[in-house]
Amino acid sequence: MRADLDTLYRTLQEVHPDLFAVAGRPRLDSMVAALHARIGRADSLYGLEFYSYLLPFFEAIGDGHTSLMPVGIPGDAAPSLPFDVTIPDDSTIRVRRNYRPDSPLPVGTRIDSLDGHSAREVIRRFLVWASGERLPFRLALQEWNFPKCYYWWNTWRRDYRIRGTTPDGTILRETIESIPFRTRWAEQKAAQREWPYSLEILSDTTALLTLRAMVGGKQSQAFFDSVFQELRERRVPNLIVDLRENSGGATSGGDMLLRYLSDRPFIQIEKGVQRGVPDTLRNLKKWWHKPHRARKRYTGQVWMLTSRYTFSSAANLSWAFKYFGMGTVVGEETGGLSVAFGNKRIFELSNSGIQYGVSTRLFYEVGATDDDVHGTLPDYPVPADEALDYTLRLIRQGSSRVK
């Protein structure tokens, strides 16, 4: 395992564009030395135990794209919590979705303790599994991985003791049975097969375009062509683009959409820095895109909904949308930042077999600088789950903040 650790640290320094940006070299050097000492004291060391040793090290790097890949994925029959959660801050866990129709925990129930552990304790214990630049991003990762993390922590549990508070203030003390992970896998696979783009005509004046991931290719182009043809034919004056549950994907999908919304050339990523290649990707012509001709573009009012779950290429899309004045942003600051690492490459350690991802580039969204790093800031800051209703009220009132 010592050889794996040396290989890991050497690879990170050779590939990552700025490995010491967050923690600094002295801290990471010290952590590697401590890991060597810890490995030396172990009589024997298995891959999963070594994996657990590495988690705090990757957490310290502070880059959501540079992280350990999942190991020990639970089997189909392994016991799982029968619900999904949302974690809005470092002390609150709420039920977001139930897998049992007869669940005693209504959606929105605040879980105050789980098997005798407070919500704050559980969140802090699991944060080490979530590498990232900012706490909201890491909490979002924890939401997605919460059932697996709880399984790894308590593999023997077949039921769970929960104390909580329902949305109407009722205090609950329940013991609920697990479900097999196969139930989760089946629903997740079904969701992955669904096309992530959809259009809903809400009224004669408003349409809702929901993008749950960013996808490029001919199918996406055909979808957007049909969407904007329908909007032109119906003469719908307001379009809401919902990115609240979009964690990213293909940047080309965002370019396709923006060609219908922009009246001037636009760009999403202005610069990308790669180790050993000076000023890589700086202002390359191919990154600039021309809008469609006027007769094909959408000329109504455009609204974009964002949240802390809007990451990566979805965050890039929202930033360019606002930067070039294409419409009004409503919701929360995006989880994806204006200056961020990305373009992950996967490596595998030869002895332990552990896989890990390393960012290969540092990307700057258009107009972004190192002096002012943040996500896309909404014109109307409101909680994400209220953003759609708030936007509909703004439309009825005839309000907007387009330059």
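Where a number appears in this text, it was derived from the coordinates with a stated rule and is not lab data. Not measured: the values here are computed from a predicted model. Positions of Cβ are generated from backbone atoms using ideal geometry, with glycine treated the same way; all protein chains shown enter the neighbour counts.
Considering only DSSP states other than H, G, I, E and B, which GluC sites (Glu not before Pro) in the range 140-225 qualify as loop sites with at most 16 other Cβ atoms within 10 Å?
Working: sites: E143, E174, E177, E187, E194, E200; in loops: E194.
The qualifying sites are E194.
Between 0 and 90 degrees, the angle of helix 218-234 with respect to the longest Cα principal axis of the chain falls at about 40 degrees. Across the range 105-119, coupling constants 3J(HN,Hα) worked out from phi with the 6.51/-1.76/1.60 Karplus curve, θ = phi - 60°, read 10, x, 4, x, 4, 7, 8, 7, 8, 10, 6, x, 9, 5, 4 Hz, and Gly and Pro carry x.
Listed values (i) 80, 50, 45; (ii) 72, 59, 35; (iii) 92, 40, 39 include one computed from this model; for Cα extents along the principal axes in Å that value carries the label (ii). Expressed as an acute angle from 0 to 90° and rounded to the nearest 10, what is the orientation of the C-alpha long axis of helix 312-323 relative to the principal long axis of the chain? Its long axis makes an angle of about 40 degrees. Cα extents for the range 108-186 along the principal axes, largest to smallest and rounded to whole angstrom: 36, 30, 23. Distances between placed amide hydrogens fall under 5 Å for F83 paired with Y99, all partners being 5 or more residues away or on another chain. Looking at the chain alone, DSSP beta bridges between its own residues are antiparallel in about 70 percent of cases.
Does the range 2-68 classify as rounded, prolate or oblate by the C-alpha gyration tensor (a ≥ b ≥ c root eigenvalues; a/c under 1.5 gives rounded; else a/b over b/c gives prolate, otherwise oblate)? Cα axes put the range 2-68 in the prolate bin. Compute the angle between helix 181-193 and the longest alpha-carbon principal axis of the chain, please, reported from 0 to 90 degrees and rounded to the nearest 10. So the inclination is approximately 30 degrees.
Can you tell me how much longer the chain between T175 and K290 gets when fully stretched, taken as 0.36 nm per residue apart minus their C-alpha distance, in nm with one decimal?
Numbers: separation 115, 0.36 × 115 = 41.40 nm, distance 5.82 nm.
Stretched fully, the T175-K290 segment lengthens by 35.6 nm.
Electrostatic bookkeeping for D115 treats Lys and Arg as +1 and Asp and Glu as -1; over the other residues with beta carbon under 11 Å from its beta carbon, the sum is +1.
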